[in-house]
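Here, each number is a calculation from the coordinates, and none is a lab measurement. Keep in mind the model is a prediction, meaning the values are calculated, not measured. Note: ideal-geometry Cβ built from the backbone for every residue, glycine included; neighbour counts use all protein chains shown.
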Amino acid sequence: MANSMPQDPQTTLLIVDDDLAVRESMAAWLEVSGYRVFQAADGISAIEHCRLNPPDLMLCDLQMPKMNGLQVLAIMAKEFPNLPVVMLSGQGEMSDVIQSLKLGAWDYVTKPIIDIEMLERAMQRCLERAKLIQENCAYQRNLEAANVKLQQALEHMSADEQAGRELQFQMLPENGAQFDQLQFFYRLLSSSTLSGDFVDYFRIDGNHIGFYLADVAGHGIPSALVTVILKNTMGRFLNDCWQQGDHLLLDPQQTLSRLNNLFLEGGLHKHVAMFYGVIDITENKLTYSSAGHFPHAILFEQGSARYEGYKSPPAGLFSQANYPNHECVLHERFALLLISDGIFEIMPQPSLLEKEAALLAMIDSEALNLDDLIQTLGISIESSDLPDDITFLLLKR
């Protein structure tokens, strides 16, 4: 029977069990599976190990001398709340399960472990949850830091737009970020100091990645302020998903409808063209909704490119606007390109249909590179005289 490999070959485990034979047999199997395994013969040694060199996951026996598994668990929950602990017990009594979970165990497996793959699946679930918590904390820290800096900048933005530009760009996501096998790249070329375009991408849960490109009508300070509001609103939606189980972001149609209502209720007097998509990485499926985004998204797979999108009104314009979900199954290798409508301002073709055809013809590979595309379009990244903001968002696998 083939062993399942961990997502990260450097994933470290700590096995805590007073039975040497059990420890070594588990360690041997899990090392073959690609984990880096440490061992502890009792709870006191395990706690000391974690304080010096915390592992990614702990497997802890329930019944041990000196310090039993529940005592270890209580200390771990206090000192290392985000470190996954899977409890192991040869008795399997329900009272032990309940007490372990109350004290902070992430999962519970009974001994003897006949099916080691069942244990590995439990471990993988815990590791994925830990990764999601870590990404959540990092996202919130970055968002809070950006909000503090942005608030300071907004107080002086009219006097110093350049400072505002620098802080606005700090709110953008990491260029080239990777979620599992998906990679995201962007280029934001603004026609003035501050941009009305914005992009973002983020992990919603263990199976779903969300992303969007937004183009606020106009540019300059008023439009830049709307991108700030959008970033913070989507960040609040994401936090609600993580903290309260609100699944709004998994439904692009409902997400854009909520944004539309918020923009209208807020009296922003600005409308936003926006494409919001969610990729289910387990089912290789893209679900998207579009609020007046144009040109439509370009999907390249299996040797050809096609437009994905539909006509719809921007968000913040009409109270009864509808943004239906569209779904498409993704090939194993693909590239998806979003561009804001400023691109049509600099293309030489005389008609819109010719511009669309020319743009589609330029997308000829899953290995699409944004810098090469920008060069092909004849755009200078350093140019300060663009008629409108132009933003590219590329994701590929």
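Restricting region 275-364 to trypsin sites (Lys or Arg not before Pro) that sit in a DSSP loop and have at most 12 other Cβ atoms within 10 Å of their own Cβ leaves 311. Where the centroid of each part is defined by its Cα atoms, how far is region 190-256 from region 263-337 in Å? Each part reduced to its Cα centre gives a spacing of 13 Å.
Taking Cα pairs under 8 Å and at least six residues apart, what relative contact order does region 1-152 come out at, in percent?
Details: 206 pairs, mean separation 28.3, N = 152.
19 percent.
Among the chymotrypsin sites (Phe, Trp or Tyr not before Pro) within region 262-350, which fall in a DSSP loop and have no more than 11 other Cβ atoms within 10 Å of their own Cβ? Intermediate results must be reported in sequence, preceding the final value.
Working: sites: 263, 275, 276, 288, 300, 307, 310, 318, 334, 344; in loops: 310, 318, 334.
Nothing satisfies the criteria.
Assuming charge only on the beta carbon of Lys and Arg (+1) and of Asp and Glu (-1), the dipole of the chain about its Cα centre is about 540 debye to the nearest 20. Evaluated at q = 0.17 Å⁻¹, the base-10 log of the normalised Debye intensity for region 1-140, with identical point scatterers placed on the Cα atoms, takes the values -0.90. Mean-square fluctuations from a GNM of the chain, with a 10 angstrom spring cutoff on Cα atoms, peak among 60, 126, 50 at 50. Measuring nothing but how far apart in sequence close Cα pairs (under 8 Å, 6+ apart) lie, relative to its length, the chain scores a relative contact order of 12 percent. Candidates 267, 339, 43 compared by Cα position along the dipole of the chain: farthest toward the positive end lies 267, with charges placed on Cβ. In plain terms, the bigger the Kirkwood radius, the slower the diffusion; for region 167-238, with that radius from Cα pairs, at 4 °C and 1.567 mPa s, Stokes-Einstein puts D at 100 µm²/s. Largest mean-square fluctuation among 337, 188, 83, in a Gaussian network model of the chain whose springs join Cα atoms under 10 Å apart, belongs to 83.
Using the reciprocal of the averaged 1/r over all distinct C-alpha pairs, how large is the Kirkwood radius of the chain in Å? So the Kirkwood estimate lands at 23.7 Å. Taking a ≥ b ≥ c as the square roots of the Cα gyration tensor eigenvalues, region 219-332 comes out oblate, since a/c reaches at least 1.5 and a/b does not exceed b/c. Helices in the chain that qualify as membrane-span-like (whole DSSP H runs, Cα extent of at least 27 Å along the helix axis, mean Kyte-Doolittle hydropathy of 0.0 or higher) are 221-244. Net charge near residue 185: determine it from the other residues with C-beta under 11 Å of the C-beta of residue 185, scoring Lys and Arg +1 and Asp and Glu -1. It works out to a net charge of 0.
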